[in-house]
Amino acid sequence: MTSGTPHTRAHRAGVESDPLGSVMPPLHLSANYAFRGLGEPGPYDYARASNPTRDVLAEAMTTLEGGAGAVITGSGLGAISTIAHTLVGPDDTVVIPHDAYGGTWRLFDQLSRRGHLRLVTCDLTDLDATAACFDAEPPQLVFAETPSNPLLRITDLRALSDLAHRHGATVVADNTFCSPVFQRPLEHGCDLVVHSTTKYVNGHSDVLGGAVVAKDVATAEDLAFMANTLGHTAGSFDAWMTMRGLRTLRPRMRQHESNALAVVEALTGHPAVEQVWHPSLPDHPGHEIARRQQEGFGAMVSFDLGTREAAGACVEKLQFVSLAESLGGTESLIAHPVSMTHGAMTPEAQAAAGLTPGLLRMSVGLEDADDLVADLTAGLDRATRV
C-alpha cells in the first residue's frame, strides 16, 4: 500500500492479505513451517526467526515511525537489550539520561558492571553539559528518552542528534510516552526508535511487547539477526494482540490527552500539590521544544505532594485510578516512582534524577474526565490532612 497517510496505512496493515479472503489477517500460531525439500525452506521456517503475524505488526510500526524496518520483541527492555548487543561492545561508551526509566538504568548499569560496555549518564536536556560529556568520552550510542520517565523532561532530538552524529554516535530515542501519534523521532534526526509496546501501542494492559524501528535497512537486518540470536523476538499471539490494539491508537491517544489536560488543570489549582510536570504547561522548561517536535503533549502527568505520607494518603482510597506500575492502558494508573517503577535505582541515582518521596506519576486513562478529576481531588484533599 503506497497511498494514504502513515496512520491509515498502519491501520490497514495486513487487512485483506489472507489468501482465503478474511478481512483481518489470521493469527499464525505455528512454531515451525515445512520445507519444500532439503535446503528448500519456504518464506518462513521457525517462528523465533520470523512469523507472518509478527511481520504485520513490524510493518505497521515501520510505517508509523517512518523507518526502513522494525523488530518486534517480547518486551520494551528486550528491544533495548537487542540494540545494546547489536551496536556496542566492551570498549564502546553508551550515554543514557541521568533520569532514565528505572528498568533502562538497571539494564545498562548491569551491562556496564559485567564489562559489556562503558556507561555514562548525562542530562541530555542540557546541550552544553551534553557536549562536554561527549567531548570527555565520545559515545558509540546515545540513548534519549523524551518525554522522560517520570519527570517528563523534554530533549531536543534534532539538536542532540546533530551533536551525537558529529561524534560518530548512533542515536536512539525511547518514544513510549508519546507513541508515533504525537512524535516521530526519525524525523528529527534519530537513527533508531524504541517502544515498550506494552504501553500505548497495545493500550490495554494485557500483553508485554517491544519494538525497535531503524532508519536504514542494514541496521534493521542486523537488529533482526541479533534478536533471533538472543531469543528476544515476540510470540505470534502477543504480536496479534498488540496489532489489535494498535488499530485504535490514534483516537485513544487523543482522548488520553484530553483527559490529561483536565487532570493537569485540577492539579495546578490544588494546595496539596507542590509541583506539576506536564509539557503542556507554559512554565515547563521543555514546553517550546515539545510544541515544536511533538504533535501532542501526551497523557502522562507527574506531581509532587511533598512527603511519602501525603502521597500515600492521596492514592489510598482512589476509586477510578489504580495504584500499579506500567502506563498507557485504557484504565488510569498511578505509581510512586521511588518505590515502584524506579525502585531498581540506587538512592544516589534517584536523587540525581530528581526523584522525591512525594512524587507520583499518573497515566491518565479513558474514564470520564469529570470522574477522574473528582476522584483525584478527593485524594489530594486527603493529602492536605496528613
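Tabulated values for the structure
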{"quantity": "Residue list for the range 248-307, restricted to those being closer than 30 Å to residue 61 by Cβ and of a type in the set (Asp, Glu)", "calculated": "257, 288, 295"}
{"quantity": "Some residue of the range 49-60 being of a type in the set (Ser, Thr, Tyr) and surrounded by fewer than 20 Cβ atoms within 10 Å (Cβ to Cβ)", "calculated": "yes"}
{"quantity": "Search result, residues across the range 215-232 that are among the small types (Gly, Ala, Ser) and either over 21 Å from residue 170 (Cβ atoms) or touching a Ser or Thr at 6+ places or on another chain (Cβ under 6 Å) (or both)", "calculated": "227, 231"}
{"quantity": "Some residue of the range 223-233 being outside any helix (DSSP H, G or I) and among the hydroxyl-bearing types (Ser, Thr, Tyr)", "calculated": "yes"}
{"quantity": "The one condition in (1) at pLDDT 95 or above; (2) within 19 Å of the chain's Cα centre (by Cα) that residue 33 fails to fulfil", "calculated": "(2)"}
{"quantity": "Unique match (being surrounded by 15 or more Cβ atoms within 10 Å (Cβ to Cβ), small (Gly, Ala, Ser) and out of contact with any Gly (no Cβ under 9 Å at 6 or more places or on another chain)) among 354, 329", "calculated": "354"}
{"quantity": "Lone unmet requirement of (1) surrounded by fewer than 20 Cβ atoms within 10 Å (Cβ to Cβ); (2) more than 30 Å from residue 119 (Cα to Cα) for residue 344", "calculated": "(2)"}
{"quantity": "Filter pass, residue 222 being surrounded by 22 or more Cβ atoms within 10 Å (Cβ to Cβ) and among the acidic types (Asp, Glu)", "calculated": "no"}
{"quantity": "Hits in the range 146-159 (condition: under 23 Å from residue 196 (Cβ atoms), surrounded by fewer than 24 Cβ atoms within 10 Å (Cβ to Cβ) and touching a helix residue (DSSP H, G or I) at 6+ places or on another chain (Cβ under 7 Å))", "calculated": "154, 156"}
{"quantity": "Criterion (more than 20 Å from the chain's Cα centre (by Cα) and of a type in the set (S, T, N, Q)) met by exactly one of 268, 242, 248", "calculated": "268"}
{"quantity": "Qualifying position, being crowded, with 20+ Cβ neighbours inside 10 Å and small (Gly, Ala, Ser), among 39, 66, 78, 21", "calculated": "78"}
{"quantity": "1 or more residues touching a strand residue (DSSP E or B) at 6+ places or on another chain (Cβ under 8 Å) and touching a residue at least 12 places away in the same chain (Cβ under 8 Å): qualifying helices (runs of 4 or more DSSP H) within the range 1-97", "calculated": "52-65, 76-87"}
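Here is a yes/no grid of residues against (1) touching a Ser or Thr at 6+ places or on another chain (Cβ under 9 Å); (2) in contact (Cβ under 8 Å) with a residue 60 or more places away in the chain; (3) within 24 Å of residue 50 (Cα to Cα):
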| site | (1), (2), (3) |
| --- | --- |
| 161 | no, no, no |
| 173 | yes, no, no |
| 188 | yes, yes, no |
| 199 | yes, yes, yes |
| 213 | yes, yes, yes |
| 234 | yes, yes, yes |
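The values are calculated or read from the model by the stated rules, or taken from the named source; none is laboratory data. Quick caveat, the model's predicted, so the values are computed rather than measured. Note: ideal-geometry Cβ built from the backbone for every residue, glycine included; neighbour counts use all protein chains shown.
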